[in-house]
Amino acid sequence: MVANSSAVDLEQRREQQQYDARVQFNEDGRRDVTAMGWCDDKLPATVTNFAAAVVAVAIVWCLLRVNTTPELMAIPGGSLASIFVLYVTGTVAGWLVGKLGGLPPLLGMMLAGIFLQNTGLYTVTGWCFHLVSTMREAALTVILIKGGLELNAGQLRQLSSVVAKLTLLPCIAEAVAAGVAAHFILPNFSLVWGLTLGFTLSAVSPAVLVPSVFRLKRLGYGEAKGINTLLIAASSLDDTVSISAFGVLLGVLFSTGSLTSKIVQGPIDVSIGIALGLVWGFILIYMPPSPWAMIYSKQGSEERNAKKSQIERSVTAKRSFLLGAGGFLAVTGSQWCGFPGAGPLACIISAFVAATGWRNRLKTQKRDNPTMSAAEDADGTEDPVVKVFECAWIGLQPVLFAFIGTDLRSELLRNGNTVFLGLVVLAFGLAIRLVVTTCSVLGAGLSRKEMLFVNIAWLPKATVQAALAPVALDIARNLGTPEDVECATQLVTIAVISILLTAPLGAFGMQLFGPRLLPKSNEQQG
């Protein structure tokens, strides 16, 4: 036993010496790993990275070709081939737009979808049509869970009145303004359909806002008065308000029965969503058991340390699966049960409750057991479950943005009346939003330039619009009348237009005017 331990220690020391020989210290005192050979230089590494991506695409294509019928993989006209080509093209277009144009990658993904749809290269029929719908709902589930996981109970309790006003007032004001305008301007748009469109449009896009704000934060802009923190916190809550209201309105739209039953459908959906989210989130706090419960059931520190990493990964995988599968079931099952508004709300609440419970239990365990290795670095570290859903979101982005581009057909674009009226509705809602946003930050100690930047940052729309608009169209096709399908189609068209216009406008505006409108912190000035 002693000999084996000595051999292991010797091997570990040898590996450490080999590693130390490959590192060097930079000017800041941090260690940089040097290349071990010519294959690790920048150019060969870039080439092999590109080659790996090409090989991966080729392998997946061959797998689909070998294991499905030739009709499904025909080009053009094959449904599976269309889905595969759209995903790959959207991913590449998003990468090119982000790297070469400095724009949000989602724009390239959407343009790829619009191009393939209107050139006849995207044709999906039969069961593949339902596959696309399921993929979209999976992407929506990931967005909802990410939003719930990123909400922090402590920060919510400490929210100032400015953040609360910035979260609620502009969102609700734009939704009501756009909804009323749509009701009176768009043909056959009821007030409920108008409000559904309004809450679809009213959400700010973290996919555009957060990277731009972080870029300014690294340069020292906006830190003096905490504007960056204000915008990030309010944007997450803003999306939650929009998604929850959207779900409730869908429940009202597609409920059957008398006018009274439709009126009470909204509160019923909210009640079911809250109850389901609380129950499922509470269950996930204790199931599966926390990592330390399994680690510290082991006798002996050596065995605990050996099993620690493996057990933590296992618990993370179980939590992620249960949270994701449960959320997906809530979103799809609520539609099947006739309560479409309950699922999204339950998804957000369950993620929030579970994440809050995990954090609180970990803090309590660390306080009671200060030497507990599983919790040594608990404070300030990101929940590994959040990282799982971040990775899932990276893979599902083309599903949202490229596939929503396919809903914008050339005949809709040729119908200038629909596009023009949609722009009027969008412009009216944004105008009201700008006024209410300015009023929301009055008295917060911000200068006029800083208030102007907040308005620019509150413009971009993308993620929530791409997630919600297709859901409304899918439900209308399954449960609604032809008039509902027409309204939902117009809703998707206006949502796509809003993304194409406001996402680059907001991204460019923050990049261009951020350094001009925001003060630079003292430590960065020096």
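The values are calculated or read from the model by the stated rules, or taken from the named source; none is laboratory data. This is a predicted model, so every value here is computed, not measured. Positions of Cβ are generated from backbone atoms using ideal geometry, with glycine treated the same way; all protein chains shown enter the neighbour counts. To get the accessible areas, we keep the full protein, side chains included, count just its heavy atoms, and leave off ligands, DNA and RNA. Shrake-Rupley method; radii C 1.70, N 1.55, O 1.52, S 1.80 Å.
Here are the numbers for this structure:
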item: Test: Thr141 is farther than 30 Å from Gly343 by Cα and not aliphatic (A, V, I, L, M); result: no
item: Asp383 vs. criteria of a type outside the set (A, V, I, L, M, F, W, C), surrounded by fewer than 16 Cβ atoms within 10 Å (Cβ to Cβ) and modelled with pLDDT under 85; result: no
item: Evaluation of Leu197 against (1) touching a Ser or Thr at 6+ places or on another chain (Cβ under 8 Å); (2) open to solvent by less than 50 Å² (accessible area, probe 1.4 Å); (3) more than 30 Å from Thr364 (Cα to Cα); (4) modelled with pLDDT of 85 or more (one fails), failing number; result: (1)
item: Test: residue in segment 145-153 that is of a type in the set (Val, Ile, Thr) and either modelled with pLDDT of 90 or more or under 30 Å from Ser244 (Cβ atoms) (or both); result: yes
item: Search result, residues across segment 178-190 that are more than 19 Å from Ser244 (Cβ to Cβ) and part of a helix (DSSP H, G or I); result: Val180, Ala181, Ala182, His183, Phe184, Ile185
item: Among residues of segment 420-464, those that are among the aromatic types (Phe, Trp, Tyr) and more than 22 Å from Ile494 (Cβ to Cβ), counted; result: 1
item: Top-ranked residue in segment 71-80 [being touching a Gly at 6+ places or on another chain (Cβ under 8 Å) and part of a loop (DSSP other than H, G, I, E, B); ranked as nearest to Cys128 (Cα to Cα)]; result: Leu72
item: Selected residue (only one of Lys225, Lys262, Lys298 is among the charged types (D, E, K, R), more than 20 Å from Leu149 (Cα to Cα), open to solvent by 50 Å² or more (accessible area, probe 1.4 Å) and at pLDDT 65 or above); result: Lys225
item: Long-range neighbours under 9 Å by Cβ, at least six apart or interchain, first residue closer than 17 Å to Pro211 by Cα and in a helix (DSSP H, G or I) within segment 491-512, second open to solvent by 10 Å² or more (accessible area, probe 1.4 Å) and among the basic types (Lys, Arg); result: Met510/Arg215; Gln511/Arg215
item: Residue in segment 42-54 that is surrounded by 11 or more Cβ atoms within 10 Å (Cβ to Cβ), modelled with pLDDT of 80 or more and over 29 Å from Ala207 (Cβ atoms) present; result: yes
item: Test: Pro470 is open to solvent by less than 20 Å² (accessible area, probe 1.4 Å) and either of a type outside the set (Lys, Arg) or over 21 Å from the mean Cα position of the chain (by Cα) (or both); result: yes
item: Selection from segment 84-138 of residues that are in contact (Cβ under 8 Å) with a residue 12 or more places away in the chain, over 19 Å from Ile394 (Cα atoms) and of a type in the set (Val, Ile, Thr); result: Ile114, Thr123, Val124, Thr125
item: Residue that is modelled with the highest pLDDT [pool: residues in segment 354-372 that are part of a helix (DSSP H, G or I) and open to solvent by less than 30 Å² (accessible area, probe 1.4 Å)]; result: Ala354
item: Residue in segment 234-249 that is in contact with a helix residue (DSSP H, G or I) (Cβ under 7 Å, 6 or more places away or on another chain), without any contact (Cβ under 8 Å) to a residue 24 or more places away in the chain and either small (Gly, Ala, Ser) or under 20 Å from Leu446 (Cα atoms) (or both) present; result: no
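Every residue, every condition in (1) open to solvent by 60 Å² or more (accessible area, probe 1.4 Å); (2) of a type outside the set (S, T, N, Q); (3) more than 27 Å from Leu195 (Cα to Cα), yes or no:
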{"residue": "Leu64", "(1), (2), (3)": "no, yes, yes"}
{"residue": "Thr69", "(1), (2), (3)": "yes, no, yes"}
{"residue": "Ser82", "(1), (2), (3)": "no, no, yes"}
{"residue": "Leu86", "(1), (2), (3)": "no, yes, yes"}
{"residue": "Gly90", "(1), (2), (3)": "no, yes, yes"}
{"residue": "Pro104", "(1), (2), (3)": "no, yes, yes"}
{"residue": "Met109", "(1), (2), (3)": "no, yes, yes"}
{"residue": "Leu169", "(1), (2), (3)": "yes, yes, no"}
{"residue": "Ile172", "(1), (2), (3)": "yes, yes, no"}
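Yes/no per residue for (1) more than 33 Å from the chain's Cα centre (by Cα); (2) modelled with pLDDT under 90; (3) small (Gly, Ala, Ser):
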{"site": "Arg13", "(1), (2), (3)": "yes, yes, no"}
{"site": "Ala35", "(1), (2), (3)": "yes, yes, yes"}
{"site": "Ile75", "(1), (2), (3)": "no, yes, no"}
{"site": "Leu100", "(1), (2), (3)": "no, yes, no"}
{"site": "Ile114", "(1), (2), (3)": "no, yes, no"}
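For every residue, the table says whether it meets (1) among the aromatic types (Phe, Trp, Tyr); (2) in a helix (DSSP H, G or I); (3) open to solvent by less than 40 Å² (accessible area, probe 1.4 Å).
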{"position": "Ile394", "(1), (2), (3)": "no, yes, no"}
{"position": "Val399", "(1), (2), (3)": "no, yes, yes"}
{"position": "Phe420", "(1), (2), (3)": "yes, yes, no"}
{"position": "Leu452", "(1), (2), (3)": "no, yes, no"}
